[in-house]
Amino acid sequence: MFKNLKYRAPVLLLILLSIILFNCDGRERAYKTNADILKENKLFKSFSETINYIPKQPVIIITDTILNNGFNIKINYHSIEDAPLIIDKLSKNDTLQKTVYKNFEAQITVSKINSLPHQFLVNKSSFSNFENNDFFNKAIMQYVWIDFEASTKNTICLNTAFHIPETENYRDFVISINKFGIIQIKEKQLTQNII
């Protein structure tokens with residue numbers, strides 16, 4: 001009597017384990033999409049989000065120029081990590097695409113022969129006194145460059161532009177610095193020539 005039980009117990013245990021394992025084959029998930037399974041486990045948001053950084057790497061552009069009118073201009077234009085502009089888009093398959101645009105600023109040093117250098121910072125807050133603050137909340141500074149043609153014997157002119165990413169909205173500005181270090185910022189009006 002115990003002899004039969006000795007051989008039947010492992011066989012019964014093996015049959016019982018196989019029944020349990022065959023019932024856990026995931027049939028209830030067979031007709032669900034991957035998105036449904038991720039939503040069930042509250043993982044959908046983390047898997048359906050892509051983040052793109054523009055620019056991907058830190059940007060530093062240094063310009064050191066001596067002009068024939070005696071001005072020495074040093075521009076350190078670089079990307080900053082503070083207060084980036086984030087644009088969210090929802091794609092066709094319900095994935096969230098985030099684009100993070102880094103802001104820029106320029107540390108500028110202007111000096112004239114036999115005078116002390118004047119240092120100042122150009123960033124979005126430098127333009128806060130202009131009427132359209134909403135534009136500057138959405139805009140990124142493009143670059144700062146020397147306008148050789150507009151510069152005179154006693155004044156140096158720099159240009160900068162702001163752009164709202166993924167649109168055609170631009171605004172250009174002229175930054176004038178005289179030999180005494182007085183800074184004046186004006187918006188450059190670009191008019192179209194209509195023929």
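Structural remarks
- The residue that is surrounded by the fewest Cβ atoms within 10 Å (Cβ to Cβ), counting only those in the range 105-128 that are over 24 Å from the mean Cα position of the chain (by Cα) and not in a strand (DSSP E or B), is N114.
- Residue check for I183: of a type in the set (V, I, T), modelled with pLDDT of 90 or more and in contact with a helix residue (DSSP H, G or I) (Cβ under 6 Å, 6 or more places away or on another chain): no
- All positions within the range 129-162 that are within 22 Å of the chain's Cα centre (by Cα) and of a type in the set (S, T, Y): Y143, T160
- Within the range 73-104, the set of residues being open to solvent by 30 Å² or more (accessible area, probe 1.4 Å), closer than 17 Å to I146 by Cβ and either of a type in the set (D, E, K, R) or touching a residue at least 60 places away in the same chain (Cβ under 8 Å) (or both) comprises just one member, K74.
- When the range 66-86 is filtered for residues that are at pLDDT 90 or above and under 21 Å from T167 (Cα atoms), the ones remaining, listed by number, are S79, P84, L85, I86.
- Residues of the range 155-189 that are in contact (Cβ under 8 Å) with a residue 40 or more places away in the chain and loosely packed, with under 15 Cβ neighbours inside 10 Å: P165, E166, E187.
- Entry remark, the range 135-150: residues being among the acidic types (D, E) and surrounded by 14 or more Cβ atoms within 10 Å (Cβ to Cβ) number 1 in total.
- Test: residue in the range 47-65 that is at pLDDT below 70 and farther than 30 Å from F148 by Cβ: yes
- F135 meets the conditions (1) touching a residue at least 40 places away in the same chain (Cβ under 8 Å); (2) part of a helix (DSSP H, G or I) in every case but one. The failed one is (1).
The values are calculated or read from the model by the stated rules, or taken from the named source; none is laboratory data. From a predicted model like this one, the values you see are computed outputs, not experimental measurements. Neighbour counts are summed over all protein chains in view; Cβ atoms, including those assigned to glycine, are modelled from backbone coordinates with ideal geometry. Just the protein is used for accessible areas: all its heavy atoms, side chains included, with ligands, DNA and RNA removed. Shrake-Rupley method; radii C 1.70, N 1.55, O 1.52, S 1.80 Å.
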